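*Asks:* Have a look at this one before I ask anything.
What follows is calculated from the coordinates using simple rules that are stated; it is not laboratory data. What you are looking at is a predicted structure, and each value in this text was computed from that prediction instead of being measured. Note that each Cβ is placed from the backbone with ideal geometry, even for glycine, and that neighbours are counted across all protein chains shown.
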Amino acid sequence: MTRLEELKVEINSLRNKLGNYLDSNEDYEKIFSLNIKIDQLIVEYHRLFDRKEAQ
């Protein structure tokens, strides 16, 4: 599995986890922390994707 595929799977998994947090009224600190992690992974994904497309 390539790094892009790994990131895609991890992002989707964390989005599901975030949805569960929101459904169960989890602590806002946990929600915000997870959301930041997802955002960072999305940025990494797009950087790798753009680099791959430029090749």
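*Asks:* Taking only the stretch 1-30 into account, find how many residues are surrounded by fewer than 15 Cβ atoms within 10 Å (Cβ to Cβ) and of a type in the set (Val, Ile, Thr).
*Replies:* Count: 2.
*Asks:* Would you be able to say whether some residue in the stretch 8-26 is in a loop (DSSP other than H, G, I, E, B) and of a type in the set (A, V, I, L, M)? If you could, list the steps in order and put the result at the bottom.
*Replies:* Pass one, the stretch 8-26, residues in a loop (DSSP other than H, G, I, E, B): 24-26.
When the remaining residues are screened for being of a type in the set (A, V, I, L, M), the result is none.
The answer is no; no qualifying residue exists.
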